[in-house]
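Heads up, the thing below is written out as C-alpha cells.
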Amino acid sequence: MLSHIRNRSFLHEASLIGPWLILSILYISGIRIPDLLQYIIFLISMIAMGIPHGALDHLVEKKNKESAGNAFSIAHFLFFYILRMLIFALVWIISPLLALIIFLGISALHFGETDLYDTSVSTFLYGTGLLFFLLTAHVEFVSPIIRSIPTLTSFDPSELVRYKLPLLIFSSILPIIMILIHSKPMDIKLKLVLRTSIILFLMYNLPLLLAFTFYFGCWHSIRSMDFIRQHLSVNQEKMSWNTLCKKALPFTAIAILFIFILGYVLYNMFGMSITLMSLFIGVAILTAPHLSVMSDMYTQLKKASSIR
C-alpha cells in the first residue's frame, strides 16, 4: 500500500472527517439541519474544492505528457477533452440507461483510485461498493432524479426499497473485503478498514445532499487536489496549496459562470426537476475525460515513486 497513507498524519484525516462526524451525530440525535444550510455547505464545498479539482486537468495532463517525454499542446488537449465529452453526450442522447451505467462505473473506478491509490478490479469493486451504498441508503431521494432522465421515467425503486437492508449490508462489506484481499501491509489495511467504516457511517447517517457533499466535495476532492499538488511538484520545488488554488482559479471561474447561466436558463424555462437532471448529466459528461487524465496521473506518480 501507500506510504502516502502511512505518512499521512492522523490530524490531517481527522480534520477532514471530524466536523462531518460531529454534524452526523447532531443529526442522529434529532437536531434538524435546515435545507438552506445544507445548500450553503454544498455550494461552498463545490466552489472551494469540487470544481477546482477538475479545473486543473490541463495542468495535470501537461505534467503527464512531460513525465512521459511527450510534447503538450493546450489546443490538442482541449480538442480531445471536448471531443470525449461530446461522444459521451451522444451516448446520453442515444441510450440514457447505458450512459448512466457507464457513468456509475467510471465514477466507482475514479473514487476507488483516489481512496486506494491503485487501478485494479479490486479498486473498481471498492468504489462500486461505496457508490452503491450511498445510492441505496438514500434510494427514496435518488429515485426521483433517476426518473427525471428520459427513458428512465418508469424506474421503480420499490424492489430496492424492499431489499434495502441486505443491499446495504452487501455494499458495505464489499469495499472492506477489497481492502483486506489487497497486497498491502496489515497495519495499512486496518487503517483503511477503519477509515472506510467511518465513511460508510457518514454516508448512511447524513442527509443525501450532505452525504454527497462530504464524500465528493470534501473527502474525494481534497485528496485529489493533494495528489495533483504532489504530481505537479515532481522534480521541482513542492507546490503550496495557495499556488495550486491560484492555478485552478481561471477554469474554476469559467465553470462556475457557465453552471450559473445554464442553471438560470434551464430553471426559468423548464423548472427545477429538468435543471437538476441536466446538471447531473452535465457532471456525468465531464467525468469521462477527467477520469482519463487522473488515471494517467496516478500512473505517473507511481513511476516517480513520489508518494511511496
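The values are calculated or read from the model by the stated rules, or taken from the named source; none is laboratory data. Since the model is a prediction, treat every value here as computed from it, not as a measurement. Neighbour counts run over all protein chains shown; Cβ positions are idealised from the backbone, glycine included.
Name, by its number, the condition in (1) over 22 Å from residue 210 (Cβ atoms); (2) outside any helix (DSSP H, G or I); (3) under 21 Å from the mean Cα position of the chain (by Cα) that does not hold for residue 99.
For residue 99, the failing item is (2).
Of the numbered conditions (1) over 15 Å from the mean Cα position of the chain (by Cα); (2) in contact (Cβ under 8 Å) with a residue 40 or more places away in the chain; (3) in a helix (DSSP H, G or I), residue 119 fails exactly one; give the number of that condition.
Failing condition for residue 119: (3).
For (1) at negative phi; (2) modelled with pLDDT of 90 or more; (3) crowded, with 18+ Cβ neighbours inside 10 Å; (4) not in a helix (DSSP H, G or I), each residue gets a yes or a no:
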position: 12; (1), (2), (3), (4): yes, no, no, no
position: 22; (1), (2), (3), (4): yes, yes, no, no
position: 38; (1), (2), (3), (4): yes, yes, no, no
position: 54; (1), (2), (3), (4): yes, no, yes, yes
position: 60; (1), (2), (3), (4): yes, yes, yes, no
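Give the residue that is surrounded by the fewest Cβ atoms within 10 Å (Cβ to Cβ), with candidates limited to residues of the range 62-82 that are without any contact (Cβ under 8 Å) to a residue 40 or more places away in the chain and among the polar types (S, T, N, Q).
So, considering only residues that are without any contact (Cβ under 8 Å) to a residue 40 or more places away in the chain and among the polar types (S, T, N, Q), the one surrounded by the fewest Cβ atoms within 10 Å (Cβ to Cβ) is 70.
Could you tell me which residue of the range 99-132 is surrounded by the most Cβ atoms within 10 Å (Cβ to Cβ), considering only residues that are in contact with a helix residue (DSSP H, G or I) (Cβ under 6 Å, 6 or more places away or on another chain) and aliphatic (A, V, I, L, M)?
Among those residues, the one meeting the criterion is 130.
Quick one: residue 127 ticks every box in (1) over 25 Å from residue 283 (Cβ atoms); (2) among the small types (Gly, Ala, Ser); (3) at pLDDT 90 or above except a single one, so which number is it?
(1)
When the range 43-52 is examined, which residues are found to be more than 15 Å from residue 241 (Cα to Cα) and surrounded by fewer than 18 Cβ atoms within 10 Å (Cβ to Cβ)?
43, 44, 47
Residues that are under 21 Å from the mean Cα position of the chain (by Cα) and farther than 23 Å from residue 86 by Cα: does the range 249-268 have at least one?
Within the range 249-268, one or more residues are under 21 Å from the mean Cα position of the chain (by Cα) and farther than 23 Å from residue 86 by Cα.
Given 147, 162, 84, which one is at pLDDT 90 or above and of a type in the set (Lys, Arg)?
It is 84.
Need at least 1 residues that are surrounded by fewer than 17 Cβ atoms within 10 Å (Cβ to Cβ) and of a type in the set (D, E, K, R) per element, so show me which helices (runs of 4 or more DSSP H) inside the range 195-292 make the cut, counting only ones lying wholly within it.
Passing ranges, in order: 241-270.
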